[in-house]
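Worksheet for the structure shown next.
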Amino acid sequence: MGFQRQSRTPPPAAAASSVPANNSSITTTATGKKRKQNHDSSELSRKNNKSSGNKSKNKTVLTVQDQIETALHKWTNLSISTLRVRGAGRTDKGVHATHQVVAFDVPVSRLEIDDANPSNDCKNNKSSTDEDDQMISSHARPLLLEAYQTWINNSSTSNENQATKPFIDQWKIRRAISTRLPNDIVLRSIRIWNGSTPFEARQHVKCKTYIYKLRFRCNKMMHPICNSGPHLLRRLNDQNTVWLSPWPLDKDILVQACHPFVGTHDFSNFVHKAELKDGNSSRPSLVRRRERYKREQQEEEEDKNNEDSKYLMNLFEFSVHLQPTDELDTSLPPVVDATFTLKAKGFHRSQVRNLVGFVVDVARGECKLDDARALLMEGEIDDENNNGVDEDCDKALPTVNSAPACGLCLANVEYEHDDFL
């Protein structure tokens with residue numbers, strides 16, 4: 001939650017164009033004036049059992065964003081367009097989150113503070129009905145005024161000194177909003193934004209961490225139970241947060257299969273087909289691989305194919321931690337809980353699930369370890385074995401199968417500047 005004082009100097013053009021000009025509560029408007037505003041940042045945990053993903057898509061499907069907007073509207077009495085709820089990222093139906101960051105705005109002018117009166121132009125442009133609709137509710141105003149005073153008392157705190165910077169959880173506001181949310185959506189904290197610029201949850205992200213939970217039976221011992229399906233892998237406390245593998249896996253190969261993806265690569269083969277279609281980009285073929293390989297041989301310093309630069313990204317970490325489970329019958333092949341950790345500045349649609357799905361296919365023998373380099377558009381191309389027919393080249397690439405959504409969880413979002421109180 002951050003407060004900004006009114007400025008008579010026009011904001012930079014980039015800032016003005018980053019927000020809707022017709023929303024009077026946005027920090028920068030088309031008039032070139034900054035309006036006083038409160039930025040709320042909430043750390044969110046959710047088990048996505050009933051909601052259809054995080055991002056609001058249509059009016060017929062209930063999403064996490066819809067439920068948060070409804071709770072905030074009921075508590076503050078502000079319109080959804082004024083609150084401007086936005087998250088650090090969108091997730092598909094069935095995906096969980098333990099550290100989703102959600103921001104919303106509350107204009108200081110609605111708090112009726114002496115030094116925060118709205119301009120006369122704003123008053124004249126609103127009817128009495130609009131003013132009543134935009135008045136903050138009587139039970140929300142005292143808590144927001146208390147948060148405003150907290151910001152005033154701590155606004156001079158240097159954000160660079162992380163050791164002495166206070167961590168202030170607006171727990172009263174958190175409680176008020178939580179009572180209006182379903183049980184599978186939990187607010188972990190609500191903090192005040194103390195930055196010099198408005199906070200946008202999807203901008204200036206330093207690192208996003210996803211984890212994926214998988215349970216499987218090792219295939220070191222050929223036993224009939226290995227082909228008995230996922231039902232014998234269930235545990236009472238799973239709560240639809242782990243993928244129960246229907247196949248036995250090689251745990252050593254599972255670890256090795258993660259290694260080739262770490263670093264900067266072209267991940268276009270691991271992106272959802274709908275995103276490739278929306279971006280007017282076709283699936284990369286072996287012909288394009290051959291052309292790019294020849295070009296890179298001529299100039300090693302040249303960047304990879306510019307057409308695929310959108311999907312060229314640096315994967316900081318892709319690792320898996322294996323934890324054997326306690327089995328009563330030690331003569332049976334062991335059951336292992338695998339926790340994948342993936343870190344990057346950002347991920348494309350279905351990318352994490354596709355990566356996990358591929359390494360599982362490698363561990364069960366459906367794909368080879370060397371297939372990773374082919375899918376990443378790397379390695380030398382054998383021109384003698386490829387006749388250059390584009391429509392036939394894609395068939396040589398292995399199929400990437402997506403892992404189920406239930407095992408995926410957004411675990412952490414880190415920002416370049418931690419300007420929160």
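The values are calculated or read from the model by the stated rules, or taken from the named source; none is laboratory data. Remember, it's a predicted structure, so these values are computed and weren't measured experimentally. Note that each Cβ is placed from the backbone with ideal geometry, even for glycine, and that neighbours are counted across all protein chains shown. Calculation scope for accessible area: heavy atoms of the full protein, side chains included, ligands and nucleic acids excluded. Shrake-Rupley method; radii C 1.70, N 1.55, O 1.52, S 1.80 Å.
Out of curiosity, is ALA201 surrounded by 18 or more Cβ atoms within 10 Å (Cβ to Cβ), part of a helix (DSSP H, G or I) and of a type in the set (A, V, I, L, M, F, W, C)? Against the criterion (surrounded by 18 or more Cβ atoms within 10 Å (Cβ to Cβ), part of a helix (DSSP H, G or I) and of a type in the set (A, V, I, L, M, F, W, C)), ALA201 does not qualify. Cβ-Cβ contacts under 8 Å between residues 6 or more apart (or on different chains), taken from a first residue in segment 312-337 that is on the phi > 0 side of the Ramachandran plot to a second residue that is assigned to a strand (DSSP E or B) and open to solvent by 70 Å² or more (accessible area, probe 1.4 Å), are absent.
The rows are residues; the columns are (1) at pLDDT 50 or above; (2) hydrophobic (A, V, I, L, M, F, W, C); (3) open to solvent by less than 80 Å² (accessible area, probe 1.4 Å); (4) within 25 Å of ASN194 (Cβ to Cβ).
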{"position": "PRO118", "(1), (2), (3), (4)": "no, no, yes, yes"}
{"position": "ASP121", "(1), (2), (3), (4)": "no, no, no, no"}
{"position": "SER127", "(1), (2), (3), (4)": "no, no, yes, no"}
{"position": "GLN134", "(1), (2), (3), (4)": "yes, no, yes, no"}
{"position": "PRO142", "(1), (2), (3), (4)": "yes, no, yes, yes"}
{"position": "ASN154", "(1), (2), (3), (4)": "yes, no, yes, yes"}
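Among the numbered conditions (1) touching a strand residue (DSSP E or B) at 6+ places or on another chain (Cβ under 8 Å); (2) at pLDDT 85 or above, the only one that LYS74 does not meet is (1). Say we look at segment 221-256 and pick out the residues that are touching a residue at least 60 places away in the same chain (Cβ under 8 Å) and in a helix (DSSP H, G or I); which of these is farthest from the chain's Cα centre (by Cα)? If we take residues in segment 221-256 being touching a residue at least 60 places away in the same chain (Cβ under 8 Å) and in a helix (DSSP H, G or I), then ILE225 is farthest from the chain's Cα centre (by Cα).
Being surrounded by fewer than 19 Cβ atoms within 10 Å (Cβ to Cβ) and either in contact with a His (Cβ under 8 Å, 6 or more places away or on another chain) or at pLDDT 90 or above (or both) is a property that holds for TRP171. In segment 138-149, the residues that are within 17 Å of ILE168 (Cα to Cα) reach residues that are modelled with pLDDT of 90 or more and open to solvent by 80 Å² or more (accessible area, probe 1.4 Å) with C-beta atoms within less than 6 angstrom, at least six apart or across chains, in these pairs: LEU143/LYS172. Screening PHE316 with (1) at pLDDT 95 or above; (2) over 30 Å from LEU244 (Cβ atoms); (3) among the aromatic types (Phe, Trp, Tyr) gives one miss only, at (2). Within segment 185-197, the set of residues being at pLDDT below 90 and surrounded by fewer than 21 Cβ atoms within 10 Å (Cβ to Cβ) comprises GLY195, SER196, THR197. Is there a residue being under 19 Å from LEU410 (Cα atoms) and in contact with a Leu (Cβ under 8 Å, 6 or more places away or on another chain) anywhere in segment 187-202? Yes, there is a match, as at least one residue in segment 187-202 is under 19 Å from LEU410 (Cα atoms) and in contact with a Leu (Cβ under 8 Å, 6 or more places away or on another chain).
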